[in-house]
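Structure record follows, encoded as C-alpha coordinates.
The values are calculated or read from the model by the stated rules, or taken from the named source; none is laboratory data. Note that the structure is a prediction, hence the values are computed from the model and not measured. Glycine gets a Cβ as well: all are built from the backbone with ideal geometry, and neighbour counts include every protein chain shown. Calculation scope for accessible area: heavy atoms of the full protein, side chains included, ligands and nucleic acids excluded. Shrake-Rupley method; radii C 1.70, N 1.55, O 1.52, S 1.80 Å.
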Amino acid sequence: MAARHSARLCAFSTALQDRDLPAALRFCAEQGIGALELGVGGWPSTAHADAEQLARDPACVRALRADSQAAGVRLAALSCHGNPLHPDTARAARDDRQLRAALESAHALEVPVVVAFSGQPGPGVPNWPVVAWPDDYAALWERQWQDALIPYWQGLAQRASELGVVIALELHGGFAVHSPSTLLRLRDACGPAIAANLDPSHLWWQGIDPLAAVQLLGPAVAHFHVKDLLVNPARLAEHGWLDHTPFAQRDQRAWQFVKPGDGHDASTWRTLLDGLLAQGYPGVFSIEHEGVEAPAQGLALAADFIAQL
(Lines give C-alpha, C1' and ligand atoms only; values in the text may rest on other atoms or scores of the structure.)
Protein backbone atom coordinates (compact mmCIF):
# COMPACT_ATOMS: atom_id res chain seq x y z
CA MET A 1 0.00 0.00 0.00
CA ALA A 2 2.79 2.43 0.91
CA ALA A 3 4.09 2.51 -2.67
CA ARG A 4 0.86 4.20 -3.74
CA HIS A 5 1.15 7.08 -1.32
CA SER A 6 1.69 10.61 -2.58
CA ALA A 7 4.48 13.00 -1.62
CA ARG A 8 1.69 15.44 -0.68
CA LEU A 9 0.45 13.10 2.02
CA CYS A 10 1.34 14.41 5.46
CA ALA A 11 0.93 13.14 9.02
CA PHE A 12 0.09 15.44 11.92
CA SER A 13 2.43 14.27 14.68
CA THR A 14 -0.32 14.17 17.33
CA ALA A 15 -1.11 10.62 16.21
CA LEU A 16 2.45 9.54 16.96
CA GLN A 17 2.85 10.70 20.55
CA ASP A 18 3.79 7.20 21.66
CA ARG A 19 7.19 7.44 19.93
CA ASP A 20 10.03 9.93 19.78
CA LEU A 21 10.49 12.21 16.82
CA PRO A 22 13.03 10.09 14.87
CA ALA A 23 10.71 7.09 15.28
CA ALA A 24 7.72 9.16 14.16
CA LEU A 25 9.60 10.21 11.04
CA ARG A 26 10.58 6.60 10.33
CA PHE A 27 6.95 5.53 10.68
CA CYS A 28 5.95 8.10 8.06
CA ALA A 29 8.65 6.85 5.71
CA GLU A 30 7.53 3.24 6.19
CA GLN A 31 3.96 4.22 5.37
CA GLY A 32 4.96 6.16 2.27
CA ILE A 33 3.90 9.45 3.87
CA GLY A 34 6.23 12.09 2.52
CA ALA A 35 5.71 14.95 4.97
CA LEU A 36 5.15 15.71 8.65
CA GLU A 37 3.22 18.46 10.39
CA LEU A 38 5.15 18.79 13.64
CA GLY A 39 3.44 19.95 16.82
CA VAL A 40 5.77 22.30 18.71
CA GLY A 41 3.55 24.03 21.27
CA GLY A 42 0.07 24.91 22.43
CA TRP A 43 -2.06 22.26 24.11
CA PRO A 44 0.35 19.63 25.52
CA SER A 45 -1.37 16.85 23.60
CA THR A 46 -0.45 18.49 20.30
CA ALA A 47 3.25 19.15 21.00
CA HIS A 48 5.90 16.69 19.78
CA ALA A 49 8.80 19.14 20.00
CA ASP A 50 9.57 22.37 21.85
CA ALA A 51 9.27 25.57 19.81
CA GLU A 52 11.17 27.64 22.36
CA GLN A 53 14.07 25.20 22.42
CA LEU A 54 14.21 25.16 18.62
CA ALA A 55 14.13 28.96 18.51
CA ARG A 56 17.04 29.43 20.90
CA ASP A 57 19.28 26.47 20.04
CA PRO A 58 20.66 26.09 16.50
CA ALA A 59 21.91 22.61 17.44
CA CYS A 60 18.29 21.46 17.91
CA VAL A 61 17.42 22.83 14.48
CA ARG A 62 20.36 20.98 12.91
CA ALA A 63 19.38 17.74 14.67
CA LEU A 64 15.80 18.01 13.49
CA ARG A 65 16.93 18.69 9.94
CA ALA A 66 19.21 15.67 10.07
CA ASP A 67 16.46 13.39 11.39
CA SER A 68 14.07 14.60 8.70
CA GLN A 69 16.60 14.11 5.91
CA ALA A 70 17.63 10.68 7.20
CA ALA A 71 14.01 9.51 7.09
CA GLY A 72 13.31 11.14 3.72
CA VAL A 73 10.31 12.93 5.21
CA ARG A 74 10.13 16.69 4.84
CA LEU A 75 8.74 19.07 7.44
CA ALA A 76 5.71 20.65 5.79
CA ALA A 77 4.38 22.69 8.72
CA LEU A 78 4.83 23.43 12.40
CA SER A 79 1.75 23.49 14.61
CA CYS A 80 1.24 25.54 17.73
CA HIS A 81 -2.41 25.20 18.75
CA GLY A 82 -3.00 27.50 21.72
CA ASN A 83 -5.04 30.51 22.77
CA PRO A 84 -2.78 33.57 22.89
CA LEU A 85 -5.82 35.75 23.68
CA HIS A 86 -6.89 33.71 26.71
CA PRO A 87 -8.25 35.89 29.56
CA ASP A 88 -5.94 34.00 31.94
CA THR A 89 -2.96 36.28 31.36
CA ALA A 90 -0.37 33.67 32.37
CA ARG A 91 -1.77 31.15 29.90
CA ALA A 92 -2.05 33.80 27.18
CA ALA A 93 1.58 34.81 27.74
CA ARG A 94 2.73 31.19 27.50
CA ASP A 95 0.78 30.53 24.29
CA ASP A 96 1.96 33.80 22.77
CA ARG A 97 5.58 33.00 23.63
CA GLN A 98 5.32 29.52 22.09
CA LEU A 99 3.64 30.83 18.95
CA ARG A 100 6.29 33.49 18.42
CA ALA A 101 8.97 30.85 18.94
CA ALA A 102 7.21 28.63 16.38
CA LEU A 103 7.46 31.42 13.79
CA GLU A 104 11.18 31.83 14.45
CA SER A 105 11.69 28.06 14.35
CA ALA A 106 9.81 27.72 11.06
CA HIS A 107 12.07 30.36 9.54
CA ALA A 108 15.20 28.58 10.78
CA LEU A 109 13.93 25.23 9.46
CA GLU A 110 12.73 26.73 6.15
CA VAL A 111 9.22 25.46 6.90
CA PRO A 112 6.66 27.67 5.13
CA VAL A 113 3.59 27.30 7.37
CA VAL A 114 2.78 27.56 11.06
CA VAL A 115 -0.66 26.21 11.95
CA ALA A 116 -2.44 27.87 14.88
CA PHE A 117 -5.75 28.90 16.38
CA SER A 118 -6.89 32.51 16.29
CA GLY A 119 -7.61 32.38 20.01
CA GLN A 120 -10.67 33.62 21.83
CA PRO A 121 -10.71 36.38 24.44
CA GLY A 122 -12.97 36.78 27.48
CA PRO A 123 -14.15 38.48 29.58
CA GLY A 124 -13.54 36.13 32.47
CA VAL A 125 -13.23 32.92 30.47
CA PRO A 126 -12.97 32.41 26.70
CA ASN A 127 -16.36 33.63 25.52
CA TRP A 128 -17.49 32.67 22.01
CA PRO A 129 -20.67 34.53 20.95
CA VAL A 130 -22.59 32.49 18.38
CA VAL A 131 -25.74 34.58 17.86
CA ALA A 132 -26.42 38.21 16.88
CA TRP A 133 -29.26 38.74 19.36
CA PRO A 134 -29.67 39.63 22.20
CA ASP A 135 -27.57 42.59 21.22
CA ASP A 136 -25.13 41.97 24.08
CA TYR A 137 -23.59 39.13 22.10
CA ALA A 138 -23.13 41.20 18.94
CA ALA A 139 -21.57 44.04 20.95
CA LEU A 140 -19.22 41.65 22.75
CA TRP A 141 -18.22 40.11 19.41
CA GLU A 142 -17.23 43.48 17.97
CA ARG A 143 -15.32 44.50 21.10
CA GLN A 144 -13.35 41.26 20.99
CA TRP A 145 -12.37 41.87 17.36
CA GLN A 146 -11.52 45.54 17.67
CA ASP A 147 -9.85 45.49 21.09
CA ALA A 148 -8.07 42.13 21.06
CA LEU A 149 -8.13 40.05 17.91
CA ILE A 150 -7.14 42.50 15.16
CA PRO A 151 -4.42 44.36 17.14
CA TYR A 152 -2.81 41.12 18.28
CA TRP A 153 -2.75 39.43 14.90
CA GLN A 154 -1.59 42.52 13.04
CA GLY A 155 1.63 42.36 15.05
CA LEU A 156 2.06 38.61 14.57
CA ALA A 157 1.34 38.87 10.84
CA GLN A 158 3.99 41.55 10.44
CA ARG A 159 6.60 39.35 12.11
CA ALA A 160 5.55 36.30 10.08
CA SER A 161 5.86 38.33 6.89
CA GLU A 162 9.38 39.43 7.87
CA LEU A 163 10.30 35.79 8.41
CA GLY A 164 8.72 34.56 5.18
CA VAL A 165 6.25 32.35 7.07
CA VAL A 166 2.48 32.04 6.63
CA ILE A 167 0.24 31.57 9.69
CA ALA A 168 -2.54 29.11 8.82
CA LEU A 169 -5.35 29.66 11.32
CA GLU A 170 -7.51 26.60 11.79
CA LEU A 171 -11.20 27.30 11.21
CA HIS A 172 -12.37 25.80 14.49
CA GLY A 173 -15.51 26.36 16.54
CA GLY A 174 -14.90 28.01 19.90
CA PHE A 175 -12.41 30.50 18.42
CA ALA A 176 -12.98 33.86 16.77
CA VAL A 177 -11.76 32.60 13.39
CA HIS A 178 -13.93 29.57 12.64
CA SER A 179 -15.45 30.21 9.18
CA PRO A 180 -14.49 31.60 5.77
CA SER A 181 -15.95 35.02 6.60
CA THR A 182 -14.07 35.36 9.90
CA LEU A 183 -10.80 34.25 8.30
CA LEU A 184 -11.19 36.73 5.45
CA ARG A 185 -12.06 39.53 7.87
CA LEU A 186 -8.83 38.97 9.80
CA ARG A 187 -6.80 38.53 6.61
CA ASP A 188 -8.18 41.81 5.26
CA ALA A 189 -7.04 43.54 8.47
CA CYS A 190 -3.64 41.85 8.72
CA GLY A 191 -2.51 40.92 5.21
CA PRO A 192 -1.66 37.68 3.39
CA ALA A 193 0.58 36.33 6.15
CA ILE A 194 -2.74 35.30 7.74
CA ALA A 195 -4.23 32.33 5.90
CA ALA A 196 -6.48 29.33 6.57
CA ASN A 197 -5.93 25.81 7.76
CA LEU A 198 -9.08 24.16 6.43
CA ASP A 199 -10.29 21.07 8.29
CA PRO A 200 -13.57 19.92 6.72
CA SER A 201 -14.67 18.16 9.92
CA HIS A 202 -14.91 21.52 11.68
CA LEU A 203 -16.94 23.00 8.83
CA TRP A 204 -19.46 20.19 8.42
CA TRP A 205 -20.74 20.54 11.99
CA GLN A 206 -21.18 24.27 11.46
CA GLY A 207 -23.33 23.63 8.37
CA ILE A 208 -20.61 24.88 6.00
CA ASP A 209 -19.91 23.01 2.77
CA PRO A 210 -16.10 22.59 2.71
CA LEU A 211 -15.98 22.76 -1.09
CA ALA A 212 -17.85 26.08 -1.05
CA ALA A 213 -15.42 27.26 1.63
CA VAL A 214 -12.45 26.32 -0.57
CA GLN A 215 -13.94 28.31 -3.44
CA LEU A 216 -14.59 31.33 -1.20
CA LEU A 217 -11.12 31.29 0.31
CA GLY A 218 -9.15 30.53 -2.87
CA PRO A 219 -5.46 31.37 -2.34
CA ALA A 220 -6.09 32.03 1.36
CA VAL A 221 -5.98 28.24 2.02
CA ALA A 222 -2.42 27.48 3.12
CA HIS A 223 -2.92 24.14 4.87
CA PHE A 224 -5.45 21.30 4.91
CA HIS A 225 -6.31 18.82 7.65
CA VAL A 226 -7.73 15.46 6.61
CA LYS A 227 -10.44 14.54 9.13
CA ASP A 228 -14.05 13.40 8.73
CA LEU A 229 -17.27 13.88 10.67
CA LEU A 230 -19.93 11.26 11.43
CA VAL A 231 -23.40 12.47 12.41
CA ASN A 232 -25.77 10.61 14.75
CA PRO A 233 -29.24 11.83 13.61
CA ALA A 234 -31.00 10.76 16.82
CA ARG A 235 -28.55 12.64 19.01
CA LEU A 236 -28.54 15.59 16.61
CA ALA A 237 -32.29 15.93 17.20
CA GLU A 238 -31.57 15.87 20.93
CA HIS A 239 -28.54 18.16 21.17
CA GLY A 240 -28.26 20.11 17.92
CA TRP A 241 -24.94 20.99 16.36
CA LEU A 242 -23.72 22.92 19.43
CA ASP A 243 -23.23 19.75 21.46
CA HIS A 244 -21.46 19.94 24.83
CA THR A 245 -21.45 16.17 25.42
CA PRO A 246 -17.86 15.12 26.30
CA PHE A 247 -15.96 13.69 23.35
CA ALA A 248 -15.24 10.52 25.33
CA GLN A 249 -18.97 9.74 25.23
CA ARG A 250 -18.90 9.19 21.50
CA ASP A 251 -22.19 7.28 21.23
CA GLN A 252 -24.02 10.06 23.07
CA ARG A 253 -22.86 12.88 20.85
CA ALA A 254 -24.67 14.44 17.88
CA TRP A 255 -21.45 14.13 15.89
CA GLN A 256 -17.97 12.76 16.29
CA PHE A 257 -14.63 12.91 14.49
CA VAL A 258 -13.72 9.88 12.38
CA LYS A 259 -11.13 8.92 9.79
CA PRO A 260 -11.84 9.97 6.18
CA GLY A 261 -14.43 7.81 4.48
CA ASP A 262 -16.28 6.92 7.69
CA GLY A 263 -18.47 10.02 7.59
CA HIS A 264 -18.44 11.06 3.91
CA ASP A 265 -17.85 8.77 0.97
CA ALA A 266 -14.91 8.64 -1.42
CA SER A 267 -16.77 10.65 -4.04
CA THR A 268 -17.27 13.54 -1.59
CA TRP A 269 -13.62 13.48 -0.60
CA ARG A 270 -12.41 13.24 -4.20
CA THR A 271 -14.52 16.25 -5.18
CA LEU A 272 -13.16 18.22 -2.23
CA LEU A 273 -9.52 17.42 -3.01
CA ASP A 274 -10.09 18.18 -6.70
CA GLY A 275 -11.60 21.53 -5.66
CA LEU A 276 -8.50 22.35 -3.62
CA LEU A 277 -6.17 21.53 -6.51
CA ALA A 278 -8.34 23.50 -8.94
CA GLN A 279 -7.80 26.56 -6.75
CA GLY A 280 -4.03 26.07 -7.01
CA TYR A 281 -3.61 24.80 -3.44
CA PRO A 282 0.15 24.33 -3.00
CA GLY A 283 0.25 22.47 0.30
CA VAL A 284 -0.09 19.00 1.74
CA PHE A 285 -3.00 16.83 2.86
CA SER A 286 -2.22 16.52 6.56
CA ILE A 287 -3.95 13.63 8.33
CA GLU A 288 -5.16 14.50 11.82
CA HIS A 289 -6.38 11.25 13.35
CA GLU A 290 -9.05 11.55 16.04
CA GLY A 291 -11.08 8.44 15.24
CA VAL A 292 -11.70 5.30 17.29
CA GLU A 293 -8.74 3.36 15.87
CA ALA A 294 -5.37 3.25 17.58
CA PRO A 295 -3.52 6.39 16.42
CA ALA A 296 -0.87 4.80 14.22
CA GLN A 297 -3.39 2.37 12.73
CA GLY A 298 -5.87 5.17 12.00
CA LEU A 299 -3.14 7.26 10.42
CA ALA A 300 -2.13 4.42 8.10
CA LEU A 301 -5.74 3.66 7.11
CA ALA A 302 -6.41 7.33 6.39
CA ALA A 303 -3.26 7.54 4.26
CA ASP A 304 -4.42 4.54 2.21
CA PHE A 305 -7.87 6.10 1.72
CA ILE A 306 -6.53 9.46 0.56
CA ALA A 307 -3.83 7.89 -1.62
CA GLN A 308 -6.46 5.98 -3.58
CA LEU A 309 -8.18 9.25 -4.47
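With no solvent and one equal point scatterer placed on each C-alpha of the stretch 135-199, evaluate the Debye formula and give log10 I(q)/I(0) for q = 0.16, 0.18, 0.28 Å⁻¹, two decimals.
With no solvent term, the Cα-only Debye profile gives -0.51, -0.64, -1.26.
Out of the total accessible area of the chain (probe 1.4 Å, heavy atoms of protein only), what percent is carbon and sulfur?
For the chain, the apolar C and S fraction of the accessible surface comes to 54 percent.
How large are Rg and Dmax for the stretch 208-289 when only the alpha carbon atoms are used, in Å?
14.5, 41
Once you've got the GNM for the chain with C-alpha springs shorter than 10 Å, pick whichever of PRO246, PRO260, PRO282 has the biggest mean-square fluctuation.
Of the options given, PRO246 has the highest mean-square fluctuation.
Take each of the peptides 251-257, 146-152, average the number of other beta-carbon atoms within 10 Å over its residues, and list them starting from the highest.
251-257, 146-152
Treat every Asp and Glu Cβ in the stretch 138-205 as -1 and every Lys and Arg Cβ as +1, leave all other atoms uncharged, and give the resulting dipole magnitude about the Cα centre to the nearest 20 debye.
60
Mind grabbing the base-10 log of I(q)/I(0) for the stretch 1-133 at q = 0.12, 0.18, 0.22 Å⁻¹? Debye formula, identical points on the C-alpha positions, no solvent, two decimal places.
Relative scattering, expressed as log10 I(q)/I(0), comes to -0.50, -0.93, -1.23.
Given Cβ point charges of +1 (Lys, Arg) and -1 (Asp, Glu) and nothing else, what value in debye, to the nearest 20, does the dipole of the chain about its Cα centre take?
In total the dipole reaches around 520 debye.
How large is the convex hull of the C-alpha atoms of the chain per residue, in Å³?
Per-residue hull volume (Cα only) is 127 Å³.
So, by mean Cβ neighbours within 10 angstrom, what's the order for 172-182, 54-64 with the highest one leading?
Averaged packing, sorted descending, gives the order 172-182, 54-64.
Which one, THR46, GLY82, LEU9, is farthest towards the positive end of the dipole of the stretch 1-88 when Lys and Arg carry +1 and Asp and Glu -1 on their Cβ?
Sorting the options by dipole projection puts first LEU9.
Over 11 Å apart: what share of the alpha carbon pairs of the stretch 58-97 falls there, rounded to a whole percent?
Summing the P(r) tail past 11 Å for the stretch 58-97 gives 69 percent.
I want to verify a result. In a Gaussian network model of the chain, Cα cutoff 10 Å, which of these has the top mean-square fluctuation: ALA23, ALA195, ALA138?
Looking only at ALA23, ALA195, ALA138, the biggest GNM fluctuation is shown by ALA138.
Hey, what does the equivalent ellipsoid look like for the stretch 4-53, semi-axes from the Cα gyration tensor as sqrt of 5 times each eigenvalue, largest first, whole Å?
One finds semi-axes of 21, 11, 9 Å for the stretch 4-53.
Considering amide H positions built from the backbone, and no H for Pro or chain starts, which residues 5 or more places from ALA196, or on another chain, come under 5 Å of its amide H?
LEU169, VAL221, ALA222, HIS223
At 1.4 Å probe radius, can you tell me the per residue accessible area of the stretch 175-265 in Å²?
Spelled out: the 1.4 Å probe surface of the stretch 175-265, per residue, equals 40 Å².
Which of the peptides 155-167, 39-51, 103-115 is most tightly packed, and how do the rest follow, judged by the mean count of other Cβ atoms within 10 Å per residue?
On the way: 155-167: 18.1, 39-51: 20.0, 103-115: 22.6.
Averaged packing, sorted descending, gives the order 103-115, 39-51, 155-167.
Search the structure for amide H atoms under 5 Å from the amide H of SER118, placed 1.01 Å from N in the peptide plane, and list their residues when 5 or more places away or on another chain.
GLU170, VAL177
Under the rule of -39500 (n - 2.57) per DSSP H run of 4 or more residues, summed and divided by the residues of the chain, what mean residue ellipticity at 222 nm is obtained, to the nearest 500 deg cm²/dmol?
Mean residue ellipticity at 222 nm (helix-derived): -13000 deg cm²/dmol.
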